[in-house]
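Asker: Starting off with a structure, shown below.
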Amino acid sequence: MDASLPAHMRPERSFQGFILALQRFWAEQGCVILQPYDMEMGAGTFHPATTLRALGPKPWNAAYVQPSRRPKDGRYGENPNRLQHYYQFQVIMKPSPPNLQELYLKSLAAIGIDSAVHDIRFVEDDWESPTLGAWGLGWECWCDGMEVSQFTYFQQVAGFECAPVAGELTYGLERLAMYVQGVDRVYDLNFNGREGDAKVTYGDVFLQAEREYSKHNFEVADTAMLFEQFKMAETACRKYLDAGWKDGKREAHLMALPAYDQCIKASHVFNLLDARGVISVTERQSYILRVRELAKACGDAWLHTEAGGAA
Amino acid sequence: MPDLLLELFSEEIPARMQAKAADDLRRLVTDKLVAEGLVYEGAKAFSTPRRLALTVHGIPARQPDLKTERRGPKVGAPDAAVQGFLKATGLKSLDEAKIQRDPKGDFYIGLIEKPGRDAIDVLAEILPVIIRTFPWPKSMRWGARSGKPGSLSWVRPLHAITATFGPETEEPDIVKFEVDGIATGQTTYGHRFMAPDAINVRRFEDYEAKLKAAKVILDPQARKGIIFADAKELTFAQGFELVEDQVLLDEVSGLVEWPVVMMGSFEAEYLAIPEEVIRATIRNNQKCFVVRDAKTGKLTNKFVLTANIEAADGGKVIVSGNERVIRPRLSDAKFFYETDLKTRLEDRLPKFEQIVFHEKLGTQAARIKRIERLAAEIAPLVGADVAKATRAAHLAKADLLTEVVGEFPEVQGLMGKYYALAQGEDASVAAACEEHYKPQGPTDRVPTEPVSVAVALADKLDTLVGFWAIDEKPTGSKDPYALRRAALGVIRLIAENALRLSLMKVAASALAGLSVKPADAAKLASDLLAFFADRLKVQLREQGARHDLVDAVFALGGQDDLLMIVRRVEALGKFLDSDDGKNLLAGTKRASNILSIEEKKDKRTFDGAPDAALYSLDEEKALAKAIGEVKVEASAAVAKEDFAAAMSAMAKLRPPVDAFFDKVRVNDDEAKVRENRLKLLNEIRSATRAVADFSKIEG
């Protein structure tokens, strides 16, 4: 931890200071610090900076905050730690450096988690995303019995082998910050590190949003429209993928990113429909499969772009 | 003789894989050593979350020399053949070969001496192969090298390999090899947080000691011992008792290199949650042990955690951190439990209409209806109240839809019982909600309460008949619907409760309730019966009893009363252990053998009663008389289900059978006499069929 920081910027005092400390730490490790992707998505992994950049031979080191939307997890602001919108901090390093575990532990120190007094453990957790056609091996990282991060060595993304393998870290920011700040209710997190009248809490920022979106996600979201949107996104994705092949030949692709946006959109629309409870158990599987097919096709296109390593 | 020390140092190995990996490492290395002619004295393997280690001691420093002879061409053979021989044997000229004479002429013999290699060189060859092909259940690639094909796969990134070889008294050598850019050395590392520095090791003894000094207990058994002893002591000191849990202990010992046991607590209000749910919450999610009050035997609001470090503050932060995690978990569990209590079990049932049990067997709702109907039919046969059995079958699956079971599937059934009691169901109905799943395996408890027995049988038989009807039977190692377990459950329920019921009748009525109709209902029934026979054999074999007798009884046909089959098999087993039994079996077998030979010869059978007028010898008459008496006596005993008496009756056959074979020549010159004697032999066979088909018995 940086002792020169003003009190309101210290990671154990403020949520924003906490995020800034992580960004600063990973910037020091040579990561590009990106801003959140401007689309709704279920997890930081969906960001093209992870999903697509994990594919292909080119080195890539990045870190960013990604708002994650889990419509089903909304609790109308009533639950002390469940949210339909929360922040993930995502780090991706390709190829995975040999000291990634040490870097991770140092990043914990940077946000005030001292491994001399805390019990930090790497507990088996194999990661799989059926919608992204991706899997990897790694751990959930425990601090005093609490899961605070996911640590994954990507083996496959969008159905393609990762070569080389990328290491991915995902920090659940609210949960970690609650631990560091010592609060039991997410809405009590000190957001800006100020005290008294100047203090802004997580609840001040997000409680109303949690109530509104919970109502929207569970009760009101227009399902007929969403079903339509799913189809539109799926169709658009296919269309852009088809149109992106340079000269109509499957050698170089010119629109992998716009096509992948539609895949992200389809995935989020599916999550909304799922929260509304209008997708039956058997249909559920087929929707997941449809998104996976889009992700695979986008991965294929990406591998034919410059950043994807095509000549 | 020299010893090998091998350590594979990696990132954290999943706890569940460690023990097998250590064992695999020992087996693969020692097997290969033996195959290379290096017979060792002893080997032991160890694991921690970050390392696999192996010590093999007493390996000879060199392989023995190998001498082989190779036969070459004939003396005077063409030059090409001679050159080929010289090349293959490495001889410089034919002068170095011996000449050996055999009936076909003189041949050159080349003696090839393959000198044994140094063991360290052999190790340098076999170890990298074992590492590259190590049988992890799941492995992965990592780092820059994973960009190229053929990079090493390991359970998690492998960082260092220590491999030393040498005798006790000398400085050992490094076994030199490289795997995927990792060169062997003698450097390892201590505890990740407490002693992360490099350690130079020489051989197993200093390796283990230096690791201990660096806060790593290498031996998983030792770690388990520490955790268990400390946890017991810690709880005992406060008047509590540890709830022992071997599976959890195994797992926890695979999560730490330096176990530090501490106790935490939670709010007493959570003790209102059923104990099993508290335990499942704390155990599954937090890998902590729960604690009992030694006086009352009830859970207390304490838990035991195992940390991996001696914390600078004595563990205060760790304990309070764990408490902070357990609290919301228990709060969730309590919320789930209280929410569940607000809905009556029967009110959950309509939801089952939306849930498919199996594509071809319909919804869970349809299945529950079938089980209800079948339970009602079985109830009178097992002494259960029909209304209660029906009610229990109606409610037994409802807890699958509760929040608590959704969260902790292992408490299914048990929660059903709690919720049934809470809504005022009869105690036997509540018990059946839990017990109808039993017995889950060969050692699980068999329910005895008649309502539980009725529902347990109905549930299992519906499953068996259903999957038989859609032809989804277990094959080989594949039994996705656990049908073998269900059949064994039926057998144990019947045998241990001494129940009388016709399996065929119950199966037929289970079949009648299904919407799918199999092509051949009769064949289905006999197939299913054969499946039960197989399961019964497996069970008897596991108990060390004679399983071939099951076939001997089933071969009689029409046997579908499992209890009677079991009793008959038992009586038969006892009989065959006696001298009378052994001899009668031998006599019957002899009769059968003769008959089958003669039947083949004459292309006919020798059925039908023998003609008393054709008996010429006393032994014939005596046998015929004995058969007549024994048949009557044995059949009467069987009818009374007194199998011991039936067997005693059978015993009376032995002397006349023995005498017959002693004195009578079956294949008499006169055709009529021969035929009559063969018919008499056939009578022996048919007489024994009163109790079993002796031809199916081994020995």
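What follows draws every value from the coordinates through simple rules; no lab data is involved. These figures come from a predicted structure and were not determined experimentally. Don't worry about glycine lacking a Cβ; one is built from the backbone with ideal geometry, like all the others, and counts go over all protein chains shown.
Asker: Starting from the Cα of B:Asp121, step 7 Å toward the Cβ, then list every residue of the stretch B:170-211 with an amide N under 14 Å from that point.
Answerer: Only B:176 fall inside the zone, counting backbone N under 14 Å.
Asker: If I take R0 = 56 Å and measure r between the Cβ atoms of A:Arg24 and B:Gln354 in this structure, what FRET efficiency does the formula 1/(1 + (r/R0)^6) give, to the nearest 0.05?
Answerer: Once rounded, the FRET efficiency stands at 0.65.
Asker: Let me ask you something else. Simple spin-label model, 7 Å along Cα-to-Cβ: A:Ala116 to B:Ala61 in nm?
Answerer: Spacing of the two 7 Å Cα→Cβ label points: 4.9 nm.
Asker: Considering the stretch B:556-672, what Rg and Dmax in Å follow from its alpha-carbon atoms?
Answerer: For the stretch B:556-672, the Cα-based Rg and Dmax read 15.9, 48 Å.
Asker: OK, next. Given the stretch B:73-114, what count of lysine pairs have C-alpha atoms under 17 Å apart, with each pair 8 or more places apart or on different chains?
Answerer: Value for the stretch B:73-114: 6.
Asker: Which loop-located trypsin sites (Lys or Arg not before Pro) does the stretch B:200-302 contain, where loop means any DSSP state but H, G, I, E or B and the Cβ has at most 13 other Cβ atoms within 10 Å?
Answerer: B:Lys295, B:Lys298
Asker: So, one more: For the stretch B:454-476, list residues with backbone N below 13 Å from a point placed 7 Å from the Cα of B:Asp426 toward its Cβ?
Answerer: B:454-455
Asker: Oh, and also: Can you give me the angle between helix A:100-110 and the longest principal axis of chain A, using Cα atoms only, in degrees from 0 to 90, rounded to the nearest 10?
Answerer: Here the helix axis deviates by roughly 40 degrees.
Asker: Any chance you could run the full-extension gain for B:Asp479 through B:Ala213? It's 0.36 nm times the residue separation minus the Cα-Cα distance, nm to one decimal.
Answerer: My answer for the length gained is 90.8 nm.
Asker: In Å³ and rounded to a whole number, note down the convex hull volume per residue for the Cα atoms of chain A.
Answerer: 135
Asker: Restrict the search to the stretch B:421-529; then list the trypsin sites (Lys or Arg not before Pro) that DSSP places in a loop and that have at most 16 other Cβ atoms within 10 Å of their Cβ.
Answerer: The qualifying sites are B:Arg445, B:Arg500.
Asker: Rg and Dmax of the stretch B:313-471, Cα atoms, in Å?
Answerer: 18.4, 67
Asker: What does the average come to when, for each residue of peptide B:157-166, you count the partner chain Cβ atoms lying within 10 Å of its Cβ?
Answerer: 1
Asker: A further question on this structure: Cα centroid distance between the stretch A:17-51 and the stretch B:589-650, in Å?
Answerer: 90
Asker: Follow-up. Over all alpha-carbon pairs in the protein assembly as shown, figure out the percentage whose distance exceeds 39 Å.
Answerer: 64
Asker: For the stretch A:112-177 and the stretch A:181-244, what is the separation of their C-alpha centers, rounded to whole Å?
Answerer: 23
Asker: Now a separate question. Test of understanding: extend the Cα→C-beta vector of B:Glu670 to 7 Å, then name every residue of the stretch B:603-641 with backbone N under 12 Å from that spot.
Answerer: B:613-617
Asker: Quick one: net charge around B:Pro60, please, counting Lys, Arg +1 and Asp, Glu -1 for every other residue with C-beta under 14 Å from its C-beta.
Answerer: Around B:Pro60, the surrounding residues sum to -4.
Asker: Based on the Cβ-Cβ distance from B:Lys232 to B:Lys298, what FRET efficiency comes out when R0 is 25 Å, to the nearest 0.05?
Answerer: Step by step, r from the Cβ atoms, then E = 0.85.
Asker: First measure r as the distance between the Cβ atoms of B:Asp471 and A:Leu254, then evaluate 1/(1 + (r/R0)^6) with R0 = 56 Å and state the FRET efficiency to the nearest 0.05.
Answerer: It comes out at approximately 0.60.
Asker: When only DSSP loop residues count, what GluC sites (Glu not before Pro) in the stretch B:331-433 have their Cβ near at most 16 other Cβ atoms within 10 Å?
Answerer: Listed in order of number, the matching sites are B:Glu359.
Asker: If I model a spin label at B:Ala519 and B:Asp658 as a point 7 Å from the Cα along the Cα→Cβ vector, what separation in nanometres do I get?
Answerer: Computed distance between label sites B:Ala519 and B:Asp658 equals 5.3 nm.
Asker: Another question about this same structure. How much of the DSSP bridge set in chain B is antiparallel, in percent, rounded to the nearest 5?
Answerer: Antiparallel: roughly 95 percent of the beta bridges in chain B.
Asker: Another one. If every alpha-carbon in chain B counts as one equal scatterer, what log10 I(q)/I(0) does Debye give at q = 0.06, 0.08, 0.10 1/Å?
Answerer: -0.65, -0.96, -1.08
Asker: Next question. Starting from the Kirkwood radius over alpha-carbon pairs of the stretch B:410-550, derive D by Stokes-Einstein at 10 °C in a medium of 1.306 mPa s and give it in µm² s⁻¹.
Answerer: Here the translational diffusion coefficient equals 99 µm²/s.
Asker: Simple spin-label model, 7 Å along Cα-to-Cβ: B:Asp444 to B:Ala512 in nm?
Answerer: Using points 7 Å along Cα→Cβ, the separation is 2.9 nm.
Asker: With only Lys, Arg, Asp and Glu charged, each at its Cβ (+1 for the first two, -1 for the last two), find how big the charge dipole of the stretch B:405-559 is about the Cα centre; round to the nearest 20 debye.
Answerer: For the stretch B:405-559, the charge dipole is close to 480 debye.
Asker: Something else about it: If you average 1/r over all unlike Cα pairs in the stretch A:42-104 and invert the result, what Kirkwood radius do you get in angstrom?
Answerer: With all distinct Cα pairs of the stretch A:42-104 included, I get 13.4 Å.
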